[in-house]
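Structure first, then comments.
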Amino acid sequence: MKRILLSLVLLASCLALRGQVVYTDASAFPLYGKAAPTEGYRRLPASLEGVVRDALWALGRNSAGLYVRFRTDAPEIHARWSNTGYHMGHMTDCGTGGVDLYAHLDGQWKFIRSGFEWGPITKDRESRLVGNMEPAMREYMLYLGLYDEIKTLELGVPEGYSLYQPELDSPVSERPVVMYGTSILQGGCASRPGMAHTNILARRLDRTVINLGFSGNAHLDYEIATLMASVPDPSVFVLDYVPNAADSLIREKGEKFFRIVRDAHPDVPIIFVEDPHFSHMVLDRAIADEVNGRNAAQKALYERLVAAGEKHLFYVPSFKMTDQEDFVDGVHFTDRGMTHYADLLEPVLREALTLSEP
């Protein structure tokens, strides 16, 4: 009994020393990754509600590619957030609705830990992201979930410590890369938010990447082209819509979609990306014919634009884009696939960025 009492006293003493966690609404800190000012943690502005298709508006409420930046010298960091509790069978709940903490250490962003539910998924979540740190001022980045809508988000540190505005502009917020695409671009099916290839590229390039991936709905909606065109001073545009666009749709809408973006930014490089060769294409001839037809339409569009005199265009073919082990379900990427996809796009983006420098 004495041992139990002593243990309880020691536990109470440790808790007292650590202090109660004090939470601050994350809206007090900079939120990056938006194409335009929006309400809360959504990607599409309120002006598009009732204008774009309902499915597109719903996906625009997801927080894919958004991240919060802050500083603290606290020895531990907590997060408390609520969302819809959205679940998919082929993607981790951490990836869909969790959060990822990164710290800027030794001149680069390093993954620290994810926040997610260990048990059955709920709408209200709380997680100690890291603890037992030597108190020292550090810069942090918190990636938000890829496939859910965050309703509320708070950051917590022990009583006696504070959260501060970031001093480091990294990834650099000026002249962002703007990427448009499908569920793959939105982040399906990364195990955690930081492993979406758009977020991998942002860290590697040290530049904000705006994620306009819409699962199953990259249908070349002109409203999205107009939104992309409205981004102030972009550095590069990436058009990666082919997995959702039938060849007939690319022929019908591809050039006008391009023209909306190009007319607003005549000198900004634009990268066209083909549909990946999905793993089941080696046996499923219908899928192979569909993918090859979409890629042929994308290549024809690109070649027509080049022949018409368009400059600063790049093309990423699907050959060697991925391999058989890169997929969860034959279509969406694992973290391995996301890394390979980032490896493929990175040199093209770096080359495009050299043309985009003022």
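The values are calculated or read from the model by the stated rules, or taken from the named source; none is laboratory data. Bear in mind that the values here come from a model prediction, so they are computed numbers and not experimental data. So basically every Cβ, Gly included, is an ideal-geometry build from the backbone, and we count neighbours across all protein chains shown. These accessible areas exclude ligands, DNA and RNA; they are computed on the full protein's heavy atoms, side chains included. Shrake-Rupley method; radii C 1.70, N 1.55, O 1.52, S 1.80 Å.
Highest mean packing first, where packing is the average number of other Cβ atoms within 10 Å per residue, the peptides 271-283, 59-71, 160-172, 339-351 line up as 59-71, 271-283, 339-351, 160-172. Close amide H pairs (under 5 Å, H built 1.01 Å from N) link residue 22 with 157, 159, residues at least 5 positions away or on another chain. Shape class for the range 68-199: oblate, because the ratio a/c of the largest to smallest gyration tensor axis (alpha-carbon atoms, square roots of eigenvalues) is 1.5 or more and b/c is at least a/b. Using the Cα centre of the range 249-317 as the reference point, and only Cβ charges (+1 on K/R, -1 on D/E), how large is the resulting charge dipole? Debye, rounded to the nearest 20. For this selection, approximately 180 debye.
Rolling a 1.4 angstrom probe over the range 29-91 with all protein chains present gives an accessible area of which 53% lies on carbon and sulfur atoms.
Using a/c under 1.5 as the rounded threshold, could you call the range 30-125 rounded, prolate or oblate? The axes a ≥ b ≥ c are square roots of the C-alpha gyration tensor eigenvalues, and prolate needs a/b larger than b/c, oblate otherwise. Oblate, since a/c reaches 1.5 and b/c is not below a/b. Stokes-Einstein diffusion for the range 267-343, with the hydrodynamic radius set to the Kirkwood value over Cα pairs and evaluated at 25 °C in a medium of 0.890 mPa s, equals 180 µm²/s. Listed cross-link partners 256/299; 34/123; 34/110; 123/253; 34/256 are compared with a 27 Å cut-off, the Cα-Cα value being larger for 123/253. Computed from the C-beta positions of residue 51 and residue 133, the FRET efficiency with R₀ = 51 Å rounds to 0.65. Give the carbon-plus-sulfur fraction of the accessible surface of the range 248-351 in %, rounded to a whole number; probe 1.4 Å, heavy atoms of protein chains only. The nonpolar share, carbon plus sulfur, comes to 53 percent. Estimated purely from DSSP H runs of n ≥ 4, each contributing -39500 (n - 2.57), the mean residue ellipticity at 222 nm for the chain is -10000 deg cm²/dmol once divided by its residues.
Using the Cα centre as the reference, give the magnitude of the dipole from point charges on the C-beta atoms of the chain (Lys, Arg: +1; Asp, Glu: -1; all else neutral), rounded to the nearest 20 debye. The dipole magnitude comes to about 600 debye. Restricting the calculation to Cα atoms, the range 222-282 yields a radius of gyration followed by a Dmax of 13.1, 43 Å. You can think of it this way: the chain between residue 106 and residue 350 has 85.6 nm of extra reach, that is 0.36 nm per residue less the Cα-Cα gap. Across the range 42-52, coupling constants 3J(HN,Hα) worked out from phi with the 6.51/-1.76/1.60 Karplus curve, θ = phi - 60°, read 9, 9, 9, x, 4, 5, 8, 5, x, 9, 7 Hz, and Gly and Pro carry x. Using the average count of surrounding beta-carbon atoms within 10 Å as a protection proxy, the listed peptides 187-199, 106-118, 295-307 rank, highest first, as 187-199, 295-307, 106-118. Taking the empirical scaling 2.2 N^0.38 Å for compact globular proteins as reference, the chain has a Cα radius of gyration ratio of 1.06. Protection proxy ranking for 83-92, 144-153, using the average of other Cβ atoms within 10 Å per residue and placing the highest first: 144-153, 83-92. Can you check what the net charge comes to around residue 180, using other residues whose Cβ is under 11 Å from the Cβ of residue 180 (Lys, Arg +1; Asp, Glu -1)? Taking every other residue near residue 180 into account, the sum is -2.
Over the range 80-158, the alpha carbon radius of gyration divided by the compact-protein estimate 2.2 N^0.38 Å works out to 1.15.
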